[in-house]
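Let me begin by presenting the structure, written as structure tokens, before commenting on it.
The values are calculated or read from the model by the stated rules, or taken from the named source; none is laboratory data. Keep in mind it's a predicted model, so treat the numbers as computed, not measured. With ideal geometry, Cβ positions are generated from the backbone for all residues, glycine too; neighbour counts draw on all protein chains shown. Note: accessible area is taken over every heavy atom of the protein model, side chains too, but ligands, DNA and RNA are not part of it. Shrake-Rupley method; radii C 1.70, N 1.55, O 1.52, S 1.80 Å.
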Amino acid sequence: MVSIKDKRLAIFDFCETLVAMQSADSFIDFVRDKTPSHKRNLLEFLRSLLAKLKFFSVINKLFPSNNIHKKFKLLQLSGIPKSTIEELSKNYYENVLKDKLIPKIINELKQKQSIGYRIIILSGGYTIYIKHFAKTVDINNSDIIATDICFDKKDICKGIFQGVDCMNENKIIKIKKKIKDIDEFNLDASYAYSDSISDLPLLNFVGNGIVVAKSKQKWMTENNFNLILWN
């Protein structure tokens, strides 16, 4: 039996940490381009117009955790069968994300994996395509904690989140809910990797917060995080 002190986590954000891009909105654009319709094009036109009018910026300042822009993007997938989105999610990984993986961080993940850390991907990206990456590094779907897309009983996309968006403090809520035996892990000896100041709750959740970035920023040093630079 593994003792409590030997059970450790290595938690990785996905976007700008394992892959050198923001993936959630990019995935919506990818699916929309592959499934053209007047409805989806109109929604994207409205989104673009509202963005130019600073609508989303104002709402986000008033309600920082709402992320209405992401919700508006996801609405564009409403009405698409799950089977279509599943197929396109695999294509998205193979044709877009795969070439954007950050080798330095992938190696870090594999190194932690090789010495017995339980690897968790904790991301605001969508589970539906992250699982294709996870498969390539032998991570079980049960160890992906991300944002899920809601489908109805007929497996048609509703264009909304299933549950909460896996962002900011929601990441900690979701990881505690998903990993039932979280109290049995030595969190002080565990690691978390992220690029973003919005992930301060995650980076402070464990004893070793590691910031992944192209360059050093003030908030990183102010919080005494270790830093992995890549370019």
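Scanning the range 101-116 for residues that are over 17 Å from Lys135 (Cβ atoms) and either open to solvent by 100 Å² or more (accessible area, probe 1.4 Å) or part of a helix (DSSP H, G or I) (or both) yields a count of 9.
Please determine, by comparing only the residues of the range 72-85 that are over 17 Å from the mean Cα position of the chain (by Cα) and not hydrophobic (A, V, I, L, M, F, W, C), which one is farthest from Ile156 (Cα to Cα). Checked the range 72-85; the qualifying residue farthest from Ile156 (Cα to Cα) is Gln76. Inside the range 22-59, can you point out the residues that are closer than 20 Å to Glu169 by Cβ and open to solvent by 50 Å² or more (accessible area, probe 1.4 Å)? The one that is closer than 20 Å to Glu169 by Cβ and open to solvent by 50 Å² or more (accessible area, probe 1.4 Å): Gln22.
Restricted to the range 174-183, and to residues there that are over 22 Å from His69 (Cα atoms) and under 16 Å from the mean Cα position of the chain (by Cα), the residue that is surrounded by the most Cβ atoms within 10 Å (Cβ to Cβ) is Ile175. When Ser89 is tested against (1) surrounded by fewer than 16 Cβ atoms within 10 Å (Cβ to Cβ); (2) of a type in the set (Gly, Ala, Ser); (3) touching a His at 6+ places or on another chain (Cβ under 8 Å), only condition (1) is not met.
Here Val212 meets each of (1) under 21 Å from Ser23 (Cβ atoms); (2) crowded, with 18+ Cβ neighbours inside 10 Å; (3) out of contact with any Phe, Trp or Tyr (no Cβ under 6 Å at 6 or more places or on another chain) with one exception, condition (3). Residues in the range 215-231 that are under 25 Å from Ser65 (Cα atoms) and open to solvent by 80 Å² or more (accessible area, probe 1.4 Å): Gln217, Lys218, Glu222.
Yes or no, residue by residue, for (1) surrounded by fewer than 21 Cβ atoms within 10 Å (Cβ to Cβ); (2) in contact (Cβ under 8 Å) with a residue 60 or more places away in the chain; (3) in contact with a Cys (Cβ under 8 Å, 6 or more places away or on another chain):
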| position | (1), (2), (3) |
| --- | --- |
| Arg118 | yes, yes, no |
| Gly124 | no, yes, yes |
| Lys135 | yes, no, no |
| Ala192 | no, yes, no |
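Filtering the range 12-19 for residues that are at pLDDT 95 or above and either assigned to a helix (DSSP H, G or I) or among the acidic types (Asp, Glu) (or both) leaves a non-empty set. Scanning the range 118-166 for residues that are over 10 Å from the mean Cα position of the chain (by Cα), in a strand (DSSP E or B) and aliphatic (A, V, I, L, M) gives Ile119, Ile120, Ile149, Ile156, Ile160.
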